[in-house]
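One structure below.
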Amino acid sequence: MMSKVLKVMIIAAMLLVATGALFAAKPEVLTIHLTATVPPRTSVRVADGGVDVGINSADVIFEAYDASGSLISTDGHFQAVDGARLSFSAV
């Protein structure tokens with residue numbers, strides 16, 4: 001009879017120690033870094049005889065050509081030309 005009581009007390013003590021260790025453990029911190037791919041977007045604004053082209057990605061190349069097909073600009077800011085053609089290409 002005494003051994004049964006002793007076994008129960010030992011099991012209870014082990015459970016108490018295990019439960020105490022569980023609550024005393026420091027919480028783990030998990031940091032998640034998310035990345036997203038945003039599709040390239042462009043905007044073209046014509047004002048006061050000038051053209052402003054905005055691109056939100058370095059993966060897009062901009063070129064402007066005149067009516068005869070000559071390159072007039074690779075910069076996003078240039079003077080408006082009749083018959084100009086704008087070209088956007090991804091790299």
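Throughout, read-outs are computed from the coordinates displayed, never taken from laboratory work. On a predicted model such as this, the values are computed, not experimentally measured, just so you know. As a convention, Cβ positions derive from the backbone with ideal geometry for all residues, glycine included, and neighbour counts pool all protein chains shown.
Between beta-carbons, use under 14 Å as the cut-off and find the net charge around L71, counting Lys and Arg +1, Asp and Glu -1. The partial results should precede the final answer.
Values: positive: R85; negative: E63, D66, D75.
Taking every Cβ under 14 Å from that of L71, the sum is -2.
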query = What nm value, rounded to one decimal, do you get for the distance between K4 and S43 when each label is placed 7 Å out toward the C-beta?
reply = 8.3 nm
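Could you calculate the contour length gain from T31 to I11, that is, 0.36 nm times the residue separation minus the distance between their Cα atoms, to one decimal place in nm?
Details: separation 20, 0.36 × 20 = 7.20 nm, distance 3.78 nm.
Gain on stretching T31 to I11: 3.4 nm.
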